[in-house]
Structure formats: structure tokens, C-alpha cells
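Worksheet: the structure to be examined is printed underneath.
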Amino acid sequence: MRLLHTSDWHLGQSLHNFDRHYEHQCFLDWLLDLIVSEDADALLIAGDVFDNANPSAASQRQLYRFLQQARERAPQLELVIIAGNHDSPGRLEAPVPLLETQGVRIVGNVLRKADGSIDIESLVVPLTTADGKIAAWCIAVPFLRPGDVPRLEAVEGDPYLAGIAELYRLAEAHAQTLRQPHEALIAMGHCHMVDGQMSADSERRIVIGGTEMLPAGIFAPSIAYTALGHLHLAQSVGKHEHIRYSGSPIPLSFSETGYQHQVLSIELEGSALRSVKPLMVPRAVPLLRVPARPAPIDDVLAELAALDLPDCPPHAQPYLEVRVRLDAPEPGLRTRIEAAIEGKPVRLAKIETSSSTRGQSLDDAGVSLDQLAQLQPDEVFRRLYRQKFDSEVPEEQLRAFAELVLAREHG
């Protein structure tokens, strides 16, 4: 059996007010061709399909058109989609009655039965090959909020993490009752694993204080492959080559310009993992950082003037981040930069300024609007707490603050 693993599409995302629809469409067109060329049996999309909980009509059409085209070009294909922390579970699940007839299974919410217990059966999905035979069982777990997980009595450590581990344990145990010895177990999740490498400024922390990081041990040894979403850098978890983040298909910030964006092709042989093959996603629009390191304004202007870029239509022009080191205020900075790139096929997305005289810690320096936009809510909360009480925030208050943030974003 062959699976394709992808995640973190963030349809509808904009980069410093530039729409990314064209880049996302290039990726989806490439993925359609890949599904056919790889003769895939299933496509696993591990969350953050949309960039926010209220996606635009255009981004929703983009998703549903892709699902329709995938079904037309690969009638045998099964698709499993879980909600990420950026997605609205209810909005993602709304078209389920229609999509399930097309071989699309969406798990946005953790359902509960009439007695209040978790409906574990709804989290376990059979995966079949082209001949209709079950070859694997997928434990499809969406992004979990504190209210989604089992409540455990007298638990040591963080009850939220313990609840997540218990939910995966229950789902794996149920899958074991369904599978035959020759059928594989696959897990999906949208979470932050211990040792996972985050993008500097495009990933939202899931839970405040670092308590959201999960150990690889929550996935039972019987699980042949775990398809993860949330982190934008494609990576395996520690030394576990079978526990993987596929990463995002396009760079979602300038800090991701060096990422090798990919889709993972998973080959199963019976109940075992045979191979994991990364397939590199072509980059439709380059992201340029000029210069590579911040430099004085005159050096930057000279490098910009020397840029030699091929002609291309406006929607395919590279995005440009200009990085300037200033030792004094420069009121006409943007005007000088725009003059240096006038007539060049490039889109000025961001001007990043730094100063050799400015303190390295934002605690000791003024914070620009651009820097403020990049701060995570918990970082702002930490700074304000230190300023007022001259001590670090207690962990229980960080967790309470995290739940408030999540309730505001998804309420």
C-alpha cells in the first residue's frame, strides 16, 4: 500500500498582504499529478488545511475543487483530513455528508456519545487498496484542546498531556480489535513533539509554556507510521524515522526560505513500514532576502540595484525582504529602497531593520510594529508579568492564559 503524507497547507494565507492563491494552486496541481504518478492508495492531510478559522470563499473553493479533481483523476484514492489548530473543526466538517460519498474522511472534532464518553470508533478509519480490500487502519486524531481529552484521576504531571496519551492509547487499542495481522496501523496527529524544530515567526504555539510538547512514546510500537502536522519544517521526530512531519508545501514566512518543502511517499508491506520517500515540491514563487545578513543602507542599495531577475508576470514575481542595519533614523528608507528596485520584477514584502546600538533583548529596547507582530501572545504575557511582578509566570497561570487564547480564537 502507498500513502502520501502532507500537511499545513494554510490555504488563504497572505505574506505581508500579498495573496498566496497562485502558489497554493501550483502546489495542488503538482500534487494531483503526484497522486497519479505515485499510484497512491490514500492521501493523508495532517491539519491546518486553512490559514484561519474563517477561511475565504476562494480558499474553500480551492480545497473542494482539489478534492473533486483528485477523485476524478484517481477514483481509488482515499483521503483522510484532520483539523489543525488553525482550522475551525465545525467548518471543516460541514460538508462531510457530501464528501464521504467521494471517499473523503474528515475528522475535525472529537465526538462524544450520549453518556459523555469519547467516541473512539469515529477516530479509526479503514484504508483500502484499489481492489477494495482493507490494508491499513488509520488512527486520525485532530488537534486536541483540553476539553477533548479524557479526564484522568490522580495523574502525575500535566493532565492535558496525560489525556492526549490516553486518547491515543484507547484509539490504538480499538484499532487492534479491528485489524488483521497483515494490516498496518497508521496514526495521524496535529501536535508539537518534543525536539521538534519550529519556524521562527510563522508557527503559532499550541499551548503556552512549552507543556504542549509530546513525547514520541505516546505512539505505540505497533504503529507502523505516524503522519504529523503543525511544524512547517519537514523532519523526523528524534531518531524515530517512522514518526514524521511532512512540513508545509510552501514557505509561510521569510524564515522558511531555506526549507526543503516536500510530500512524503509511504510504502507499506503488510503490517510493516517498507520505506519513506521525500518528494520535493517545486517552488512557484521565490522568496529573496537581500542581503543575506543585515548590512548598512548604502551596501544594501548597491546590492538591490545589482539584482538581475528574469521577467515574469506579477503573480509570479519573487517576494523581497530587505535587511538593513541602521545606526541612526532613516526617514526616507522605504523611498530609497523602492527607487533601487524600480522596474525590477520583484515585490517588496518586508523591510527588516536592526541596529548595532540597539539591545539584543527586546526587554531592553523599543519594539517596532513589525517585531511586535511577530511576538507570540505568551511572549507578551511573560514580559508584562515580569515587568509588574519581577518574577517568571507560574505554569498554572500560563496554562490558564493558553485556554483563554484558544477560546478566543475558536470560540
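Regarding the stretch 258-327, what is the average projected area of its C-alpha convex hull, in nm²? Write out the running numbers ahead of the final one.
Details: hull surface 30.7 nm².
Convex hull of Cα atoms, orientation-averaged projection: 7.7 nm².
At what distance in nm do the modelled label points of LEU152 and ALA339 sit from each other, each positioned 7 Å from its Cα along Cα→Cβ?
That separation, rounded to one decimal, is 6.5 nm.
Add -39500 (n - 2.57) for each DSSP H run of 4 or more in the chain, then divide by its residues: what number comes out at 222 nm, to the nearest 500 deg cm²/dmol?
Theoretical 222 nm ellipticity from helices: -8500 deg cm²/dmol.
Can you give me the Cα centroid spacing of the stretch 251-309 and the stretch 65-126 in angstrom?
30 Å
Check GLN262: other-chain or 5+ apart residues with amide H under 5 Å from its amide H, H built from backbone geometry?
Close amide H contacts, sequence-distant or interchain: VAL281.
In vacuum, with every alpha carbon of the stretch 16-152 counted as one equal point scatterer, what does the Debye formula give for log10 I(q)/I(0) at q = 0.11, 0.13, 0.19 Å⁻¹? Two decimals, please.
After summing over all Cα pairs, the log10 values are -0.44, -0.61, -1.20.
Roughly what % antiparallel, to the nearest 5, for the DSSP beta bridges in the chain?
Numbers: 23 of 64 bridges.
Percentage antiparallel, nearest 5: 35.
Label the stretch 287-357 by shape, choosing from rounded, prolate and oblate, from the square roots a ≥ b ≥ c of the eigenvalues of the Cα gyration tensor; if a/c is under 1.5 it is rounded, and otherwise prolate applies when a/b is larger than b/c, oblate when it is not. All intermediate terms of the calculation are to be shown ahead of the outcome.
Working: a/c = 2.15, a/b = 1.97, b/c = 1.09.
The shape class here is prolate.
Based on the Cα coordinates of the stretch 213-337, what is the per residue volume of their convex hull in Å³? If you can, show how the numbers build up before the last one.
Numbers: hull volume 20.0 nm³, N = 125.
Enclosed volume per residue, from the Cα hull, is 160 Å³.
Taking only complete DSSP H runs, can you tell me which helices of the chain stretch 27 Å or more along their own long axis by Cα positions and average at least -1.0 on the Kyte-Doolittle scale? All intermediate terms of the calculation are to be shown ahead of the outcome.
Details: long enough: 159-178 (29 Å, 0.26).
Passing helices, by number: 159-178.
Any read-out appearing in this document is the output of simple, stated calculations on the displayed coordinates, not a laboratory observation. Note that this is a predicted model, so its numbers are computed, not measured. Note that each Cβ is placed from the backbone with ideal geometry, even for glycine, and that neighbours are counted across all protein chains shown.
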